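Here is the structure we will look at.
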Amino acid sequence: MALTITAQQRQQFAQEGYFILERAIRDAELALLRGELDRFIAATEAAMDATGADVQGLNHRGKRYFIGNRHAEAEGRLDGFLFGETAAAICRATIGDEAYLFVEQFVVKMADVGLKFAWHQDSGYLKHNLPGYTRTYVTLWCALDDMSEENGTISVLPFSRAGTRDVIDHLMDPELNDLVGYFGDDPGDPVIVPAGSIAVFSSALLHRSGPNRTSRPRRSYVVQYSPEPILRPNGRVFELAEPLLVGGRLAPRPITAGKPRGS
């Protein structure tokens, strides 16, 4: 069944910067995403074993994992989700008829880990790296587990309460090494959703996440699409720029040995 995005959801995105799609990911797709994440974690830990380290970049064994922009290693198995009709429908409703995969990243907060992330805009990080770039893009925050405040779900700060919809300058937190874009008292609205749901939000939306205080990992898949390739000053692509939509239609994908494109 094709994904339907209502006029009310489109309006909420335009006015407040986000909307929620509950259970938008089919069970088979959800199982596939979880399986690929398990394989990536195993590969990450094997690489740690090879060097005798428990830390590799942002990955900390048994505590947290950030596994990004490695979908090519899945040999096409993730393409049905990343370049399928569900993502296309969301992009058409939010950023228009041109859409490029910009970032895809699995994020895992392991059990009983007091890790949190400060209030920030996704575009705040991009502006930190590319100061001249302020065009916004869309984030699909995909819940691979049931999400709650106890396991560290995200909270969002609607545009009307944030007081801005512009990309703002962020300050670096010297302790956590996070960029921070909001220092007010508004706690935001927690995204409490079942597994398979997608929080769709503008890269200018302020959001944060809390620590995982439960006995189980908290897994999400964060996928971002831009309305144009995002380039460095030297003309090279920043992160990714793989076409999803061209003129409102699904862009053709290279033939791989993996599964065909789905939704």
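The values are calculated or read from the model by the stated rules, or taken from the named source; none is laboratory data. A quick note: this is a predicted structure, and the numbers were derived from the prediction, not measured. When we count neighbours, we look across all protein chains shown, and the Cβ atoms used for this are built from the backbone with ideal geometry, even at glycine.
Of the residues making up segment 211-239, those that are farther than 18 Å from LEU33 by Cβ and of a type in the set (A, V, I, L, M) are ILE230, LEU231, VAL237. Filtering segment 160-171 for residues that are touching a helix residue (DSSP H, G or I) at 6+ places or on another chain (Cβ under 9 Å), modelled with pLDDT of 95 or more and more than 19 Å from TYR133 (Cβ to Cβ) leaves a non-empty set. Residues of segment 181-193 that are in contact with a strand residue (DSSP E or B) (Cβ under 7 Å, 6 or more places away or on another chain) and either over 21 Å from GLY124 (Cβ atoms) or part of a loop (DSSP other than H, G, I, E, B) (or both): GLY181, TYR182, ASP186, PRO187, GLY188, VAL191, VAL193.
Can you spot a residue in segment 157-173 that is assigned to a strand (DSSP E or B) and buried (at least 17 other Cβ atoms within 10 Å of the Cβ)? Yes, because at least one residue in segment 157-173 is assigned to a strand (DSSP E or B) and buried (at least 17 other Cβ atoms within 10 Å of the Cβ). You will find that of LEU245, LEU231, the residue that is of a type in the set (A, V, I, L, M, F, W, C), free of Cβ contacts under 8 Å to residues at least 24 places away in the same chain, surrounded by 13 or more Cβ atoms within 10 Å (Cβ to Cβ) and closer than 30 Å to ARG77 by Cα is LEU231 and no other.
When the residues of segment 101-125 are filtered to those that are of a type in the set (A, V, I, L, M) and closer than 19 Å to LEU179 by Cα, which remaining residue is farthest from the chain's Cα centre (by Cα)? Looking at the filtered set, the residue picked out is LEU115. Taken together, the criteria place ARG64 among residues that are modelled with pLDDT under 95, charged (D, E, K, R) and surrounded by fewer than 21 Cβ atoms within 10 Å (Cβ to Cβ).
Just one of the numbered conditions (1) in contact (Cβ under 8 Å) with a residue 40 or more places away in the chain; (2) in contact with a strand residue (DSSP E or B) (Cβ under 9 Å, 6 or more places away or on another chain); (3) aliphatic (A, V, I, L, M) is not true of MET48: (1). Taking the listed residues ALA93, ALA111, the one that is part of a helix (DSSP H, G or I), surrounded by fewer than 22 Cβ atoms within 10 Å (Cβ to Cβ) and touching a residue at least 12 places away in the same chain (Cβ under 8 Å) is ALA93, with no other qualifying. Of the listed requirements (1) charged (D, E, K, R); (2) in a loop (DSSP other than H, G, I, E, B); (3) out of contact with any helix residue (DSSP H, G or I) (no Cβ under 7 Å at 6 or more places or on another chain), ARG253 misses just one: (3).
Which one of these is without any contact (Cβ under 8 Å) to a residue 60 or more places away in the chain, surrounded by 11 or more Cβ atoms within 10 Å (Cβ to Cβ) and in a loop (DSSP other than H, G, I, E, B): ALA43, ALA14, ALA53, ALA31? Testing whether each residue is without any contact (Cβ under 8 Å) to a residue 60 or more places away in the chain, surrounded by 11 or more Cβ atoms within 10 Å (Cβ to Cβ) and in a loop (DSSP other than H, G, I, E, B) leaves just ALA53.
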